[in-house]
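**Q** Attaching a single structure in structure tokens format; questions to follow.
The values are calculated or read from the model by the stated rules, or taken from the named source; none is laboratory data. Just so we're clear, the structure is a prediction, and the values are computed from it rather than from any experiment. All Cβ positions, glycine included, derive from the backbone under ideal geometry; neighbour counts span all protein chains shown.
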Amino acid sequence: MTQPDNRPFAIRTYAPNQLREALKRMYLIRRFEEGAEDSYMRGLIHGTMHLSIGQEASAMASCMELTDDDKITSTHRGHGHCIAKGAEVGRMFAEFFGKETGYCHGRGGSMHIADVKTGNLGANGIVGGGLPIAVGAALSAKRLGKSDVTICFFGDGANNEGAFHEALNMASVWKLPVVFICENNGYGMSTSIARSTSVKHIADRAVAYSMPGVTVDGNDFSAVAEAVHHAVARARAGEGPSLVENLTYRWRGHSKSDRNRYRTKEEIEEWMTRDPIARFRAELIAHGVLDEASADAIEAAAIADMEAGIEFAKASPAPSISDVTRYVYAEN
Amino acid sequence: MNAMTDKPSSQPQNLRTLSYSEAIREAMAIAMEADPTVILMGEDIGVYGGAFQVTLDLVDRFGTDRVMDTPISELGGAGVAVGAALTGLKPIFEFQFSDFAMLAMEQIVNQAAKLRYMLGGEASVPVVFRLPAGSGTGAAAQHSQSIEAWFGHVPGLKVLQPATPEDAKGMLLAALADPDPVMIFEHKLLYKMKGHVPEGSYLTPIGKALVRREGTDVTIVAGSIMLHRALEAAERLAKDGINAEVIDLRCIRPIDHETILASVRKTGKLMVVYEGVKAFGVGAEISAMVAESDAFDFLDAPILRLGAADAPVPYNPDLERASVPQVDTIEAAARRLTRREV
Amino acid sequence: MPVEVILPKVDMDMTHGTLAVWHVAPGDEVAKGAALFDIETDKAAMEVESPASGRLHAVSAKPGDKIAVGTVVALIYSEGENTVEVPPPPVAVAPVSGPQPIEVILPKVDMDMSHGTLAVWHVAEGDSVTKGTALFDIETDKAAMEVEAPATGTLHHLMAAPGDKVPVGDVVAYIYPPGMAVGPRPSRAATATLAEQPPNPSAAAPIVAAKSLVNSGFDGNMRATPAARAAARQAGLTLAEVKGSGPMGRIQRDDVTAHLEGHSGEIRGSTAVGPEIWSPQFGPLHVSHRKGAGIPLVLLHGFTADSQSWAPLEKALGPDQPLIRIDLPGHGRSPRRRLRSFADLARMMVEAFDEVTRTHDRVHLLGHSLGGALALAIADIRARNVASLALIAPAGLGPEIDGASILGITRASRAESLAPWLRRLTATPGGISDDYARAAMKQRNDPALRAAQVDMAEVLFPDGVQAFDLRPALARVECPTALIWGRKDHILPYRHSLATDGDFAIHLLSDAGHVPQIECPDRVARIVEWHQSGALVGKR
């Protein structure tokens, strides 16, 4: 007599080495963000940055089933997506430090990290900028007869941009293989969802564009993985786009200048008790995929990668001043 | 088989006339036939054939998968074209009127123009935007603008202005061969103009202006429909012994400095004629470029700009006509310049 | 901010010192220069003096402690500064390696922030803090920002007081985790700030220096088009001399032309040469080219000659050497120009040279006689562009010149009157045949050209004397320089080469006169080639 398998979706579906890798990447995202933050506070990083600490499960679980041929578009809060899609932290740090060895040779910075060759079409500095581009990537896949999907990450703030509505409409009309993933962390910079958006859940907007929409606990790895799994399968089968809303929270302010005057310390602390990494780790241990020691080892490995990445970036050369207009146009 | 050509074709054996819009359509057909990644996107370009009938019947030949009618979503649509270009397609995106490109500025200027640079050379956005531009049809202020200078201001874009059917075809084919985003501004009043168009595939070089009429007394730089008005003015001036050299600008970004400077060194007098609003327009850039160059020492008179009046395009036909340079005004300005009245 | 008292490096190879004895106690008033403590080193004990006046606090080392060079052992607070007392640490040794306390830094919180003002401390020295506890507030241009503890432990070594403006990234305190012994304040070696990173090794943006024309005199406040100004400059006119017919009296190029034509009847200078008349012309000097491989050689001929006189030497140099020949004003096919001085002429030649070097950044330069003086002037001003300089019997190195011959050549209107003077140019009169004289006269059959040259001679060689002195230039010139002179030069004496200061080679040629490049072109060509290749040794 077979027992129904009540284990969480991720545990049921993915091999142990995949789950371990997922945990490692989540730790890498967390430590990377903290390392970037520390470097920033020491004055080593120009500009500002938008940290995704607290949103690791949303990023990693959404990317579980993606290959290098699948595409993602990301947001200004995109470091986690980049790492989840396989980016090397050394080259990411190098980009933050403006070095020639960075993913964008120091020209783009935190908001424009991309690695087109492995399907990462880039973080984007314009809210809503990545949505139509993602639809275009899905159009390419369909026209060229490929089975790639495009995952389009965006935040709750973007869902009120015109580009969101235009993109979802076209994706649906043309039945394109794109999965729209909204990381709803409750605030578009300082403005809460309640004050800006006329629907309670962003997934409610899916019906307006004739696509399935689902809201999940974005800090629950399995919940996100399962929802995205179905959406990706639908897309690959040629059935068109979907909208997945991951409810999550960012522990840090919008950017480094944020004084957090629009939310309370209690709210932040309350969400911090629902740390997605701690939850996933506990789940893996509870289901025998890991033990404490190996989980610690995974975390330590992530920290080591992060530290090595910073050293690599510090030792890397800066671009030459005489190259200021290089890469504006194609080089022959 | 491609052939580079920089001179208007004059060989009798290829004497064949097409209209400007037919020439563009032929370019699209040639490109789409040769390369399955070339697709067309725009509003009403399928069975309707496009607002200016440029894409007429292409949907019958290539199907709706490759001739895509978009919803009225300029921002989203342009962004889809950008994303498609980023990932292996070569879209030609038609804005129904160039004025509507303003809705898509974000995707054109913040994304298409900048992606290669921001990504340190690791991305390419080979998208072509086609834009019907200009006044003279009574479409009034929001459907008649000439905003090509706005895009001349953006590093990362290339901005073309074909004046003849031959160039309209060759420039579109060149734009498709270019790995960078290209905007082609087509003047509405030129669509029905007929001219010689070579058969087959050829590329008109991007970034090269062309001396359409040689002369010694004054240099007139003009693009798009102004080229034809300048040539007509030059005919009239010639009867009085004033020999104007008329240069077809052809490309706003990059501007062909050397052709213009060589002419200024020869004539010492320069006029720039364009349909954009005079202030902050293409003429301002060319004037400053000449004044900054070694050709400065050859200037024997102030540089004149003829552009559109400092007002939205009027509806009333006489006002509309008076608001942009015409043959009369170009001729009069050239006379004043050569008669030393300025 | 308080002044740091560090354990100084007092010997070359010292890494640590032992604090032997304190001469003062915490809380004492100390004067700048007063003895604070002694260090024991491998050599004798050393007294360490106070770097400032004030009150001594935060003493963190005791006698017997072995301390790393550069470690802060105390702080001196000036009057009015708040102090924070640090109890002596229980553990003496402060190793450079080993577990370090956690730094509390002043963080960057705004994009363009370089400093922040510490507004208020929420905790004090020695307090226990947990990660996330508010430690202090920073004041910025925007609202105040609370800074939280990065770790759990006890807080020590507070180093900024309320009101202090602190650079971003600077440490303001340390947190010792539970179990870590509180030591003296660590040194700042570990963290490299942006300022400490090696300077950007990349080249500075290339600066293209515009080669402006040497200013021929400012004609301010006259309305004139750029083309008119250029024409006037080339014709040696001031704008004030020209009437403008343009709007607002603007002078246009046609006005300059008209002026020059209208004044064609004037003759300058006192040496009237009969009814010959000439008017200045404008336009660039005539330049001819011979293609080849490598660095071009620019040739400047002498007075009354022209670029065609180089033909024998060109043949001797062989076909590969690229050549650029410039006709002097009023010679060959160059426009006739009015000169007021050698400086005017030099200016015109520099202008032509600059045009040449727009396409050939570096050139060899060879000049003969007057052309030699001009080549020297060019090499002096445009050193960067000249790879080597060769001067054949150059003018300008002394007052003596055979003025009679010069004038004779210049004025002669027939082969018969030209030949005798031409014969003075070579070592022996036999070097010039009648046919040669006839051919030479054919080149000079334009009376306007001769008249212009007569006027030039009046300016350059008045009363048969060289009116310009290039000896200082020869002493100064930087590029490899060679003088080539015939010992039997009757026009300019070879001993001018010896009377001049400077480093250069002198090649004296037996049995050669004033024109060795025509008399013995092969010998001259070998010297020129040897000189050019020598100049490039190590520079390719």
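Every residue, every condition in (1) surrounded by fewer than 22 Cβ atoms within 10 Å (Cβ to Cβ); (2) within 14 Å of chain A (Cβ to nearest Cβ); (3) of a type in the set (Gly, Ala, Ser), yes or no:
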position: B:GLU148; (1), (2), (3): no, no, no
position: B:GLN161; (1), (2), (3): no, no, no
position: B:THR164; (1), (2), (3): no, no, no
position: B:ASP180; (1), (2), (3): yes, yes, no
position: B:HIS187; (1), (2), (3): no, no, no
position: B:LEU203; (1), (2), (3): yes, no, no
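**Q** List the strands (runs of 3 or more DSSP E) that sit entirely inside segment B:212-289 and contain at least 3 residues that are without any contact (Cβ under 8 Å) to a residue 40 or more places away in the chain.
**A** In segment B:212-289, the matching strands (runs of 3 or more DSSP E) lie at B:244-248.
**Q** Then there's this: In segment B:311-330, how many residues are in contact with a Gly (Cβ under 8 Å, 6 or more places away or on another chain) and surrounded by 15 or more Cβ atoms within 10 Å (Cβ to Cβ)?
**A** So the answer is 3.
**Q** Shifting gears a bit: Taking B:ASP44 and the conditions (1) at negative phi; (2) in contact with a strand residue (DSSP E or B) (Cβ under 8 Å, 6 or more places away or on another chain); (3) in contact (Cβ under 8 Å) with a residue 40 or more places away in the chain; (4) away from every other protein chain (no Cβ under 12 Å), which numbered condition does it fall short on, given that it satisfies the others?
**A** Here B:ASP44 meets the rest and fails (1).
**Q** Just need a number here: residues in segment B:1-56 that are in contact with a Ser or Thr (Cβ under 9 Å, 6 or more places away or on another chain), outside any loop (DSSP other than H, G, I, E, B) and modelled with pLDDT under 95.
**A** 3
**Q** Here are some residues: A:ALA208, A:ALA203. Which one is away from every other protein chain (no Cβ under 14 Å), part of a helix (DSSP H, G or I) and either modelled with pLDDT of 95 or more or surrounded by 14 or more Cβ atoms within 10 Å (Cβ to Cβ) (or both)?
**A** A:ALA203
**Q** Here are some residues: B:ALA262, B:ALA295, B:ALA308, B:ALA333. Which one is surrounded by 18 or more Cβ atoms within 10 Å (Cβ to Cβ) and closer than 26 Å to B:ASP167 by Cα?
**A** On inspection, the qualifying residue turns out to be B:ALA308.
**Q** Can you tell me which residue within segment A:32-60, out of those that are more than 10 Å from chain C (Cβ to nearest Cβ), assigned to a helix (DSSP H, G or I) and crowded, with 23+ Cβ neighbours inside 10 Å, is modelled with the lowest pLDDT?
**A** Filtering first and then ranking leaves A:ALA36.
**Q** Working only within segment A:140-152, note down all residues that are part of a helix (DSSP H, G or I) and either touching a strand residue (DSSP E or B) at 6+ places or on another chain (Cβ under 7 Å) or buried (at least 24 other Cβ atoms within 10 Å of the Cβ) (or both).
**A** Within segment A:140-152, A:SER140, A:ALA141, A:ARG143 qualify.
**Q** Oh, and also: In segment A:237-262, which residue that is surrounded by fewer than 17 Cβ atoms within 10 Å (Cβ to Cβ) and either among the charged types (D, E, K, R) or not in a loop (DSSP other than H, G, I, E, B) (or both) is modelled with the highest pLDDT?
**A** The residue in question is A:GLU239.
**Q** Would you mind stating whether A:PHE180 is within 16 Å of the chain's Cα centre (by Cα) and either within 13 Å of another protein chain (Cβ to nearest Cβ) or in contact (Cβ under 8 Å) with a residue 40 or more places away in the chain (or both)?
**A** Answer is yes for this residue.
**Q** Here is a follow-up. Just the residues that are more than 11 Å from B:LYS114 (Cβ to Cβ) and more than 7 Å from chain B (Cβ to nearest Cβ), please, taken from segment A:115-130.
**A** A:ASP115, A:LYS117, A:THR118, A:GLY119, A:ASN120, A:ALA123, A:VAL127, A:GLY128, A:GLY130 - these are the residues of segment A:115-130 that are more than 11 Å from B:LYS114 (Cβ to Cβ) and more than 7 Å from chain B (Cβ to nearest Cβ).
**Q** Tell me, which residue of segment C:168-192 that is within 14 Å of chain A (Cβ to nearest Cβ) and exposed (fewer than 15 other Cβ atoms within 10 Å of the Cβ) is modelled with the lowest pLDDT?
**A** This residue is C:ALA192.
**Q** Can you tell me how many residues within segment A:305-320 are more than 10 Å from chain C (Cβ to nearest Cβ) and hydroxyl-bearing (Ser, Thr, Tyr)?
**A** 1
**Q** Answer yes if at least one residue in segment B:104-127 is more than 29 Å from A:HIS76 (Cβ to Cβ) and either touching an Asp or Glu at 6+ places or on another chain (Cβ under 6 Å) or facing another protein chain (nearest Cβ under 10 Å) (or both), and no otherwise.
**A** Checked against the condition, which is being more than 29 Å from A:HIS76 (Cβ to Cβ) and either touching an Asp or Glu at 6+ places or on another chain (Cβ under 6 Å) or facing another protein chain (nearest Cβ under 10 Å) (or both), segment B:104-127 yields no hits at all.
**Q** Right, another one. Restricting attention to segment A:104-114, report how many residues are within 7 Å of another protein chain (Cβ to nearest Cβ) and either at negative phi or hydrophobic (A, V, I, L, M, F, W, C) (or both).
**A** Within segment A:104-114, residues that are within 7 Å of another protein chain (Cβ to nearest Cβ) and either at negative phi or hydrophobic (A, V, I, L, M, F, W, C) (or both) number 5.
**Q** The conditions are (1) within 16 Å of the chain's Cα centre (by Cα); (2) of a type outside the set (A, V, I, L, M, F, W, C); (3) within 15 Å of B:GLU74 (Cβ to Cβ); (4) surrounded by fewer than 23 Cβ atoms within 10 Å (Cβ to Cβ), and B:ASN110 fails exactly one of them. Which is it?
**A** Only one criterion in (1) within 16 Å of the chain's Cα centre (by Cα); (2) of a type outside the set (A, V, I, L, M, F, W, C); (3) within 15 Å of B:GLU74 (Cβ to Cβ); (4) surrounded by fewer than 23 Cβ atoms within 10 Å (Cβ to Cβ) is unmet by B:ASN110, namely (1).
**Q** Next question, about the same structure. Could you tell me whether segment B:293-303 includes any residue that is in a helix (DSSP H, G or I), more than 20 Å from the chain's Cα centre (by Cα) and without any contact (Cβ under 8 Å) to a residue 12 or more places away in the chain?
**A** Yes; the residues of segment B:293-303 include at least one that is in a helix (DSSP H, G or I), more than 20 Å from the chain's Cα centre (by Cα) and without any contact (Cβ under 8 Å) to a residue 12 or more places away in the chain.
**Q** Here is a check on your reading of the model: is B:LYS192 assigned by TED's automatic domain parsing to the domain that holds B:VAL127, surrounded by fewer than 21 Cβ atoms within 10 Å (Cβ to Cβ) and in contact with a strand residue (DSSP E or B) (Cβ under 7 Å, 6 or more places away or on another chain)?
**A** Answer is yes for this residue.
**Q** Here's a follow-up. Every residue in segment B:250-304 that is within 14 Å of chain C (Cβ to nearest Cβ) and of a type in the set (A, V, I, L, M), please.
**A** Listed by number, the residues that qualify are B:LEU261, B:VAL264, B:LEU270, B:VAL290, B:ALA291, B:ALA295, B:LEU299, B:ALA301, B:ILE303, B:LEU304.
**Q** Of everything in segment A:288-332 that's within 25 Å of A:HIS46 (Cα to Cα), β-branched (Val, Ile, Thr) and under 27 Å from the mean Cα position of the chain (by Cα), which residue is surrounded by the fewest Cβ atoms within 10 Å (Cβ to Cβ)?
**A** Ranking the qualifying residues of segment A:288-332, first place goes to A:ILE303.
**Q** I need the full set of residues from segment C:489-540 which are farther than 27 Å from C:PRO472 by Cβ and of a type in the set (Val, Ile, Thr), in order please.
**A** C:ILE518, C:VAL537
**Q** Which of (1) modelled with pLDDT under 95; (2) among the β-branched types (Val, Ile, Thr); (3) within 23 Å of A:ALA61 (Cα to Cα) does A:VAL135 not meet, given it meets every other one?
**A** Of (1) modelled with pLDDT under 95; (2) among the β-branched types (Val, Ile, Thr); (3) within 23 Å of A:ALA61 (Cα to Cα), only one is false for A:VAL135: (1).
**Q** Considering only residues of segment C:420-467 that are more than 11 Å from C:ILE409 (Cα to Cα) and among the aromatic types (Phe, Trp, Tyr), which is modelled with the highest pLDDT?
**A** Here the residue is C:PHE461.
**Q** Ok, one more. Looking at A:ALA123, A:ALA137, which is the one that is touching a residue at least 60 places away in the same chain (Cβ under 8 Å), in contact with a helix residue (DSSP H, G or I) (Cβ under 8 Å, 6 or more places away or on another chain) and buried (at least 24 other Cβ atoms within 10 Å of the Cβ)?
**A** Checking each option against the conditions leaves just A:ALA137.
**Q** How many of the residues making up segment B:60-90 are more than 9 Å from chain A (Cβ to nearest Cβ) and touching a strand residue (DSSP E or B) at 6+ places or on another chain (Cβ under 6 Å)?
**A** So the count comes out to 2.
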